[in-house]
Amino acid sequence: MQGNAKRIYAWALYDWANSAFATTVMAGFFPAFFKQYWSSGVDESLSTLHLGLANSLSSAVVVLVAPLLGAIADRSNRRRRFLAIFAFTGALMTGCLYLVEQGDWPLAALVYVLATIGFSLANTFYDSLLGFVAPRENVDAISALGYGMGYLGGGLLFAANLYAVLHPQAVGLSDPSEAVRWSFLSVALWWMLFSLPILLFVKDDVHPRQPSGWNALVGGYRQLRETLSHIRQLPHMLTFLLAYWFYIDGVDTVVRMAVDYGLSLGFGRDSLLTALLVTQLVGFPSAIAFGTLGTRIGTRRSLFIGIAVYVGVTVWAYFIAAVWEFYAIAVVIGLVQGGVQALSRSLYHRLIPPGKSAEFFGFYNMLGKSAAVLGPALMGWTSVLLGSPRASILSILVLFIAGALLLSKVDLEQGQREAQAFAP
């Protein structure tokens, strides 16, 4: 693999670190625990709405602050420092979920929102460091390596936690609820420990000018205004961002709401969590394979394949009648989920003007999270208004279709030429 191997693997290990939160907390135990433990006695449709609104609130905060923080980080060359602040904040809040008592769903939702904000903002600066480890000709493979490491690391910890939940006495715990609470502590420790390599070995101080404090804030705000002006002059980047806004909302909504959807259909929690583990195990080699596919047939064409699979899965989920189908859907999603995420990141990386990675990845994550404001809330309100979780899953079809249509308008080569025109 071209590039400095130590820096590449140090960078990829952060995906290994934070995917523990995405898997064990966001997609796995939190939705089920929120519905069955913290929302004990609350109507199922209302608990779905509360979970959707919690996800939407965290996304809304990221929308408001990510672009400005990205501009400040680029201006001051402190991407790693911002990464450390938000990663450790997210890990600390995750550990605090252990302390929330049964029935206290408002506090559980608040702590989860804070943890998710830390997770999402840290990702802004993690993504922005891709350009410091990946040569442009190898960016698909290295981006996919990160997601592949994430699926593997997140899957390993989730497997250990799932075993503890299914067999609590075997690990010295009293019941599954205690095992779930301990799993939140394990994620916090895992996240902090495996964040250390990227902070130690990936450097972003390539410019001597490093304003701080008020000067960094004012400079970041000015750079943000300049970036807004530039984006309007980068039509292919703008079109891609709009496409990404739609289709990644569908992807994130599936991740965040799948377990809740399965519980609403009456499937057992243990079966749903095991299906999630299947997605992780399939996702590890598939994400890396998608990076190779992007190199061979083109990044955009590979994204179309992934989006088409999601459309089919969404329709299938509406008709699902047996738990084995949930397992089958988990396998299919595992084949494409990491690939869609990885290739989206690498395609966007090619469209960024040199020297503006954190700033533009701030917009990238802002759009991704602003889309996630819509998806979970849309599912939640559809479930409440129509009284049917099956109807709610179909609401995300429009997101995948609109994203694919906009993506078809993106000319990657022309977009790269537009980005180079803004080189400092």
Practice problem: Any chance you could check the Cα centroid distance between the range 254-313 and the range 47-71 for me, in angstrom? | Solution: 23 Å
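For a test of understanding, tell me how many lysine pairs in the chain have Cα atoms under 29 Å apart, given they are 8 or more places apart or on different chains.
Details: 6/203; 6/356; 35/369; 203/356; 203/369; 356/369; 356/409; 369/409.
Within the chain, the lysine pair count is 8.
Once every DSSP H run of n ≥ 4 in the chain is given -39500 (n - 2.57) and the sum is divided by its residues, what mean residue ellipticity at 222 nm do you get, rounded to the nearest 500 deg cm²/dmol?
Values: 17 runs with 331 residues, N = 424.
When only DSSP H runs of four or more count, the value is -27000 deg cm²/dmol.
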Quiz prompt | Accessible surface, the chain, averaged per residue in Å² (probe 1.4 Å) | solution = 37 Å²
Practice problem: Would you give the gap between the C-alpha center of the range 374-405 and the C-alpha center of the range 127-184, rounded to a whole Å? | Solution: 28 Å
Practice problem: May I ask you to give the percent of accessible area on the chain that is carbon plus sulfur, with a probe radius of 1.4 Å? | Solution: 65 percent
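Out of the range 383-424, which trypsin sites (Lys or Arg not before Pro) are coil in DSSP terms and have no more than 15 other C-beta atoms within 10 Å?
Numbers: sites: 390, 409, 417; in loops: 409.
Taking the range 383-424 and a limit of 15 other Cβ atoms within 10 Å, the loop trypsin sites (Lys or Arg not before Pro) found are 409.
Run the numbers for residue 110 and residue 65: contour at 0.36 nm per residue of separation, minus the present Cα-Cα distance, in nm. Write out the running numbers ahead of the final one.
Values: separation 45, 0.36 × 45 = 16.20 nm, distance 1.82 nm.
That pair, residue 110 and residue 65, stretches by 14.4 nm at full extension.
Rounded to the nearest 20 debye, what is the charge dipole size of the chain about its Cα centre when +1 sits on each Lys and Arg Cβ and -1 on each Asp and Glu Cβ? Mind showing how you got there, number by number?
On the way: 27 positive and 23 negative charges, 266 e Å.
Rounded to the nearest 20 debye, it is 1280 debye.
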Quiz item: Each residue of the range 121-130 in turn: what ³J(HN,Hα) in whole Hz from Karplus with 6.51, -1.76, 1.60 and θ = phi - 60°, glycine and Pro shown as x?
Solution: 5, 4, 4, 4, 7, 4, 4, 5, 7, 4
Exercise. Could you compute the FRET efficiency for residue 397 and residue 174, with r as their C-beta to C-beta distance and R0 at 56 Å, rounded to 0.05?
Key: 0.80
Quiz item: With point charges of +1 on the Cβ of Lys and Arg and -1 on the Cβ of Asp and Glu, referenced to the Cα centre of the chain, which listed residue (330, 311, 117) lies farthest in the positive direction of the dipole?
Solution: 117
Self-check item: Whole-Hz ³J(HN,Hα) from phi, Karplus 6.51 cos²θ - 1.76 cosθ + 1.60, for the range 188-199, glycine and proline x
Solution: 4, 5, 4, 4, 5, 4, 7, 7, 5, x, 5, 6
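The values are calculated or read from the model by the stated rules, or taken from the named source; none is laboratory data. Computed from a prediction, not measured in an experiment: that's the story for all the values here. Because the Cβ atoms are built from the backbone with ideal geometry, glycine has one as well, and the counts that use them run over all protein chains shown. Keep in mind that these areas ignore ligands, DNA and RNA; they rest on the heavy atoms of the full protein, side chains included. Shrake-Rupley method; radii C 1.70, N 1.55, O 1.52, S 1.80 Å.
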